[in-house]
Amino acid sequence: MSRNAWFETVAEAQRRAKKRLPGPVYAALIAGSEKGVSLDDNIAAYSELGFAARIADHHAVRDLSTSVMGIDISLPVIISPTGVQAVHPEGEVAVARAAANRGTIMGLSSFASKPVEDVVAANANTLFQVYWSGERDEMIHRIERAKAAGAKGLIATLDWSFSNGRDWGSPQIPERLTLGAAMNFAPHALPRIPWLWSFAKTFKIPDLKAPNLKPRAGGEPPTFFGAYGEWMSTPPPTWDDVQWLREQWGGPFMLKGIGRVDDAKRAIDIGATTISVSNHGGNNLDTIPAPIRMLPGIVDAVGDQVEVVLDGGVRRGGDVVKAVALGAKAVMIGRAYLWGLAANGQAGVENVLDIMRGGIDSAVLGLGRGALSELERDDIYVPDDFERER
Ligand SMILES: Cc1cc2nc3c(=O)[nH]c(=O)nc-3n(C[C@H](O)[C@H](O)[C@H](O)COP(=O)(O)O)c2cc1C
């Protein structure tokens, strides 16, 4: 009898992903930078927070719905954009379908492996994510293409410093899976028969390209590494540039990567709809504190002038409830759904969203609340030295 594909926690999905994926692909998802302090803190910080649970006057029905960037969602968890290749042949289309089936938003990276048109077809509530990369007319071309495809909002991710090197070593991923590269990759891929078979069935090996960065003039899209090179060599944006980008888009606009009160206020000045308090999943400058530590100070400073979400380290529904009680409208998840995708494709991502929903519902029940909007800071024990504010 084959093993039950369902898993009960994100930790179990991660274990299965580790078994299934070739070592370098798994390591690319772990990512992190330098010493991995932010990577670890993103998760550890949630363990320092406790629930102040109640035992009676519980609500028989709990309302877990909310909205982000004007889009109604059935739970306060949305898909954070991840530029990952080679996890699963259906890639971001499977993730988008899963998110649609569970009533939530798909965030699509411009470094993703599937075209925005296919992803919007799978989930009408898609947000397209860009970095500040390339010439302005190419940037306009990319966002116009996403708009034409039906993307409902733009995410501009600005927290990246090209810090390289990890004390535990970086994975070697070939630029293209040519025959030679495949032979080098074989020692990693061959023991991973189910992963290999999932691609073999489609008669395609991962091409490691970024179709959403196809040039305006036409031709082939760049490889992932070509795209990274363009990004590295683009002069970093000023606040005027960011405002220009927002104006070019003209619709709901999220600034992702905020960690300081002054940046949050500048985001309001340039007219952002939403900010994400984030340290890029611990992949940017190491030792940036966990977003959940930076959240309360930022929420206090911005009030209701801008919508605040958070991403980083969310692995269970209880984490989501802690973030919402401390002021986030919703959270974005990254690795959690990637483990689900690797473990069991679209169903695995649905499984992760179901785990989140179950955990959120339990915490809201235990706290004696009937809706997300009723959650308060008082519902959470926050140690004195927990928060970080600048
Ligand atoms: C493998 C990987 C690739 C990522 N690629 C992108 C990306 O292309 N664009 C982006 O805005 N964020 C990217 N991120 C960051 C995520 O959107 C998100 O901020 C982060 O994963 C949240 O932390 P978590 O993984 O602990 O949930 C990536 C993260 C990972 C792990």
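The values are calculated or read from the model by the stated rules, or taken from the named source; none is laboratory data. Nothing here was measured: the structure is a model prediction, and the numbers come from that model. FYI the Cβ positions are ideal-geometry reconstructions off the backbone, even for glycines, and counts take in every protein chain you see.
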* To do: For the range 264-294, name all the residues that are more than 13 Å from the ligand (Cβ to nearest atom), hydroxyl-bearing (Ser, Thr, Tyr) and within 23 Å of residue 44 (Cβ to Cβ).
  => 287
* So how many residues does the range 106-122 have that are within 13 Å of the ligand (Cβ to nearest atom) and within 19 Å of residue 352 (Cα to Cα)? -> 3
* Structure fact -> Residue hits (the range 1-49; assigned to a loop (DSSP other than H, G, I, E, B) and in contact with a Ser or Thr (Cβ under 7 Å, 6 or more places away or on another chain)) are 33
* Go through the range 48-71 and give me each residue that's under 20 Å from residue 313 (Cα atoms), more than 15 Å from the ligand (Cβ to nearest atom) and either surrounded by 19 or more Cβ atoms within 10 Å (Cβ to Cβ) or among the hydrophobic types (A, V, I, L, M, F, W, C) (or both). => 49, 51
* Within the range 17-64, count every residue that is more than 18 Å from residue 320 (Cα to Cα), of a type outside the set (Gly, Ala, Ser) and within 21 Å of the chain's Cα centre (by Cα). => 9
* Check residue 119 against each of (1) touching a residue at least 40 places away in the same chain (Cβ under 8 Å); (2) surrounded by 23 or more Cβ atoms within 10 Å (Cβ to Cβ); (3) in a helix (DSSP H, G or I) and name the one condition it does not meet. => (1)
* Hey, among 292, 270, 275, 298, which residue is more than 19 Å from the chain's Cα centre (by Cα) and closer than 29 Å to residue 379 by Cα? -> 298
* **Residue under evaluation residue 38, criteria (1) among the hydroxyl-bearing types (Ser, Thr, Tyr); (2) under 21 Å from residue 351 (Cα atoms); (3) touching an Asp or Glu at 6+ places or on another chain (Cβ under 8 Å), criterion not met** => (2)
* Any idea which residue in the range 125-153 is nearest to the ligand (Cβ to nearest atom), counting only those that are in contact with a strand residue (DSSP E or B) (Cβ under 9 Å, 6 or more places away or on another chain) and part of a loop (DSSP other than H, G, I, E, B)? -> 131
* Please verify whether the range 40-47 includes one or more residues that are away from the ligand (no atom under 16 Å from the Cβ), surrounded by fewer than 19 Cβ atoms within 10 Å (Cβ to Cβ) and at pLDDT 95 or above. => no
* Asked: So, of the residues in the range 295-341 that are small (Gly, Ala, Ser) and within 11 Å of the ligand (Cβ to nearest atom), which turns out to be nearest to residue 195 (Cα to Cα)?
  -> 336
